[in-house]
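Written below as structure tokens is the structure these notes are about.
The values are calculated or read from the model by the stated rules, or taken from the named source; none is laboratory data. What you see is a predicted model, and the numbers here were worked out from it, not measured in a lab. Note that each Cβ is placed from the backbone with ideal geometry, even for glycine, and that neighbours are counted across all protein chains shown.
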2 protein chains.
Amino acid sequence: MTAVDETPKRRGRPPAGGREAILAAALRVIRERGIARLTAREVASLAGVSEASVFYHYKDRFGLLQAVFEESLRPLRELAEGGVEPGSDPRSVLSLYGHTLEDFLDGVLPVIAAAQSDAELRDSMATYMAEDDLGPHRGVRAIGDYLRAEQAAGRVRGDVDAYAVAMMFIGSCYTRSSQRQMPMADVELPPLEDVIGAMVAMLAPDQRSV
Amino acid sequence: MTAVDETPKRRGRPPAGGREAILAAALRVIRERGIARLTAREVASLAGVSEASVFYHYKDRFGLLQAVFEESLRPLRELAEGGVEPGSDPRSVLSLYGHTLEDFLDGVLPVIAAAQSDAELRDSMATYMAEDDLGPHRGVRAIGDYLRAEQAAGRVRGDVDAYAVAMMFIGSCYTRSSQRQMPMADVELPPLEDVIGAMVAMLAPDQRSV
DNA sequence: GTCTATAGGTTGATAGAC
DNA sequence: GTCTATCAACCTATAGAC
């Protein structure tokens with residue numbers, strides 16, 4: 001699938017990126033077959049290493065899963081840290097943020113769902129997310145802050161709760177991504193562009209002031 | 001909830017509600033400990049029956065899980081079938097629908113997440129949902145249809161895509177419920193009332209026509 | 001660092017008594 | 001309908017050779 005194979009340049013000692021291969025294999029198993037099928041046998045086979053190698057690199061199953069969580073959550077953490085550059089027009093800001101967020105969610109949501117399969121895993125991930133203050137509220141805060149700034153600048157109508165509006169926007173991204181996770185035939189949700197279009201229209205300052 | 005119980009016409013043989021107890025126990029295990037801990041032993045112990053009884057009533061683990069899925073999805077199916085009564089003001093319609101939806105999602109999302117733990121379960125549930133045409137799009141359709149009717153009646157501004165707006169609303173409910181699933185400390189998302197307030201304000205017909 | 005082999009422990013599912 | 005007893009299959013994790 002992902003056309004990323006090691007270059008055959010290496011020669012001599014086999015550093016054998018087994019560690020990364022195992023992590024990637026684990027992630028792939030979770031996404032494609034579900035966390036219930038994530039056994040040392042399955043991962044090792046997919047990564048092209050032995051079962052024992054899995055335990056060597058990641059102590060136990062829980063350790064491997066934690067590594068998968070951190071790896072998967074990292075891009076989301078980076079997105080949360082980077083703010084939204086103010087000044088740009090709402091349409092481009094929402095479009096860029098929305099698409100970026102959905103792409104990240106598409107990658108992370110399967111892993112988050114997998115963590116729900118076991119109370120211990122769930123708590124571990126919740127702790128990890130709490131430490132970095134991750135979650136939908138970060139997106140709401142980012143977009144809400146941006147909208148408030150736009151309101152202050154008079155470019156967005158000021159009589160609505162900016163964070164409530166941000167909640168709607170983030171919610172539509174989250175739901176769209178969630179829905180893609182369950183491969184149900186040809187179900188159509190309003191695309192991001194439509195949501196942005198409606199939002200921009202509704203957020204326009206009172207026409208009389210133009 | 002739905003006060004629909006069978007008439008107690010049956011007589012003679014003792015029903016011994018082991019079947020329902022098993023189903024309830026399974027649902028509880030999934031919610032509290034995660035589907036990975038759903039073993040015949042655990043379920044039987046919680047239901048107060050023997051392990052073999054679990055297999056007697058539900059053939060195998062897969063059968064039990066399918067029963068749990070159908071049972072959990074039923075209320076959602078009923079919500080999807082019931083439309084939204086038009087004519088009522090947007091605030092009450094959105095409030096009633098939103099709260100009802102979130103309550104249902106709070107109960108169903110853990111089960112949907114559990115189904116993601118195994119490809120076979122996931123596909124089975126996807127099929128089931130596809131058959132009844134379940135999913136967020138039903139909520140979007142219901143609210144979108146309502147908003148279009150309001151637009152036609154001139155009670156809602158007509159220059160926005162009703163279904164895009166509905167998507168925002170359903171999305172905010174879905175995301176809020178999803179977020180409650182992961183017990184992270186004291187994370188605050190804008191409450192339903194704030195979203196409805198902003199939406200009502202933004203959907204008001206052009207002031208000039210008043 | 002990576003392998004083979006295996007110990008040790010759970011689990012799903014069945015058989016047969018009551 | 002429900003139970004006890006049991007087994008084959010599977011999984012995690014470790015030990016020790018290369």
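Listing for the model above:
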item: Odd one out for B:Q181 among (1) free of Cβ contacts under 8 Å to residues at least 60 places away in the same chain; (2) facing chain A (nearest Cβ under 8 Å); (3) within 30 Å of A:E120 (Cα to Cα); (4) surrounded by fewer than 22 Cβ atoms within 10 Å (Cβ to Cβ); result: (1)
item: Test for B:V156: is it of a type in the set (V, I, T), more than 7 Å from chain A (Cβ to nearest Cβ) and in a helix (DSSP H, G or I); result: no
item: Sole residue being exposed (fewer than 14 other Cβ atoms within 10 Å of the Cβ), closer than 25 Å to B:P110 by Cα and away from DNA strand D (no atom under 16 Å from the Cβ), chosen from B:E71, B:E85, B:E81; result: B:E81
item: Set B:Y146, B:Y128, B:Y174: member being more than 30 Å from A:D133 (Cβ to Cβ) and either touching a Ser or Thr at 6+ places or on another chain (Cβ under 9 Å) or at pLDDT 95 or above (or both); result: B:Y146
item: Whichever residue in the stretch A:114-147 is in a loop (DSSP other than H, G, I, E, B) and over 17 Å from the mean Cα position of the chain (by Cα) and, among such residues, is surrounded by the most Cβ atoms within 10 Å (Cβ to Cβ); result: A:S117
item: Scope the stretch A:48-73; condition hydrophobic (A, V, I, L, M, F, W, C) and within 15 Å of DNA strand C (Cβ to nearest atom); matching residues; result: A:V49, A:A52, A:V54, A:F55, A:L64, A:A67
item: Single condition B:M202 does not satisfy, out of (1) more than 7 Å from chain A (Cβ to nearest Cβ); (2) over 23 Å from A:A113 (Cα atoms); result: (1)
item: Residue that is surrounded by fewer than 19 Cβ atoms within 10 Å (Cβ to Cβ), within 16 Å of DNA strand D (Cβ to nearest atom) and within 12 Å of chain B (Cβ to nearest Cβ), where the choices are A:R61, A:R41; result: A:R61
item: Single condition B:L94 does not satisfy, out of (1) surrounded by 15 or more Cβ atoms within 10 Å (Cβ to Cβ); (2) over 14 Å from the mean Cα position of the chain (by Cα); (3) more than 10 Å from chain A (Cβ to nearest Cβ); (4) farther than 26 Å from A:D206 by Cα; result: (4)
